[in-house]
Amino acid sequence: MQSDTLLHAANFSTLLLCMVLKFPQIFALMRAKSSAGVSFNSLLLELLGYIVFVTYQMYYDYPPPTYLEYPILIAQDAILLLLILHYNGSLKQSLLYTLLVVGGWRLLTLEKWIIDSAMSLCTFISAASKCAQLQCMWKSKDAGQVSALSWAMATCTCIARIYTTTATTGDMQVLVRFAVMTLLNMWVLLTVLYYQRQRSSSSKKED
């Protein structure tokens, strides 16, 4: 009984956090009217990882509470991508990206081996998205408009999903993915905080 309550609490809290996970990042871009520091490639890879993951879960009829937040995250990533394209003056390219993503999504479920192969690559795709964001910050030596709060919430949701996956499906591919994502999300978060502290220190010195 207690384990069921804990599982429901973990599922509910994860869903709740994911409903607003990208909001701090979205608001940060809208306030600054700039996408500085936010990697477009990182978000695009993250979106692809989300699509593969949720499609895999649905294909194998996994319990909906274990992946219910992903359609919400996909929608939020799509909004962020549109904002970046808008602030970069490349909004016309959004139609091409939309066609590619929808076409790829459809392709995943044509054959069982396709979705299985895609899921095998999912961890690498998602890891590459975090590395792309890290590289973007390392290159500019600035976190720009990257939201530390969004990355902190992403870290918490991955930790919660390690527990819910262990308690339900026990799928090793999924567990490995969440473990890797937890570490990389934490790495990005610490990098953002480091550059934000540096920027704050520089501002105080100038004052």
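Largest first, what is the accessible-area ranking of F27, F124 with a 1.4 Å probe?
Greatest to least solvent exposure: F124, F27.
Straight-line reach from K22: which aspartates and glutamates have a Cα under 13 Å away, not including same-chain ones fewer than 8 places off?
The reachable aspartates and glutamates, counting only those whose Cα sits under 13 Å from K22, are E46, E69, D77.
Let me have the relative contact order for segment 50-207, percent, based on Cα pairs under 8 Å that are six or more residues apart.
25
Taking the solvent-accessible surface of protein heavy atoms with a 1.4 Å probe, what is the per residue accessible area of the chain in Å²?
That works out to 54 Å² for each residue.
With a 1.4 Å probe and all protein chains in place, put D4, D142, D77 in order of accessible area, largest first.
Greatest to least solvent exposure: D4, D142, D77.
Any idea what the dipole of the chain comes to, in debye rounded to 20, about its Cα centre with Lys/Arg Cβ at +1 and Asp/Glu Cβ at -1?
780
Let me cross-check L7: its accessible surface, 1.4 Å probe, with only protein heavy atoms counted, in Å² to the nearest 10?
The accessible area comes out at roughly 30 Å².
Which ³J(HN,Hα) values in Hz, rounded to whole numbers, follow from the phi angles of segment 152-159 under the Karplus curve 6.51 cos²θ - 1.76 cosθ + 1.60, where θ = phi - 60° and Gly and Pro get x?
Per-residue couplings from phi come out as 5, 5, 4, 5, 5, 5, 5, 4 Hz.
Hey, could you grab the Kirkwood Rh for segment 135-194? Inverse mean 1/r over distinct alpha carbon pairs, Å, one decimal.
12.3 Å is the Kirkwood radius here.
Would you work out which of S13, L83, G37 lies farthest towards the positive end of the dipole of the chain, given +1 charges on the beta-carbon of Lys and Arg and -1 on that of Asp and Glu, about the Cα centre?
It is G37, whose Cα lies furthest towards the positive end.
Which of the three applies to segment 80-207, rounded, prolate or oblate, going by the alpha-carbon gyration tensor with a ≥ b ≥ c and a/c under 1.5 meaning rounded?
Note, shape of segment 80-207 comes out oblate.
Ranked highest first by the average count of other Cβ atoms within 10 Å around their residues, in what order do 143-153, 80-90 fall?
Those peptides, ordered most packed to least, come out 143-153, 80-90.
At a 10 angstrom cut-off on C-beta neighbours, averaged per residue, how do the peptides 101-114, 165-178 rank from highest to lowest?
The packing order, highest mean first, is 165-178, 101-114.
Taking just the alpha-carbon atoms of segment 1-92, what radius of gyration and Dmax come out, in angstrom?
Final numbers for Rg and Dmax: 15.8, 54 Å.
The values are calculated or read from the model by the stated rules, or taken from the named source; none is laboratory data. Just so it is clear, the model here is predicted, and its values are computed rather than measured. Quick reminder, even Gly has a Cβ in these numbers, built from the backbone with ideal geometry, and neighbours come from all protein chains shown. Surface accessibility is based on the protein's heavy atoms, side chains included, excluding ligands, DNA and RNA. Shrake-Rupley method; radii C 1.70, N 1.55, O 1.52, S 1.80 Å.
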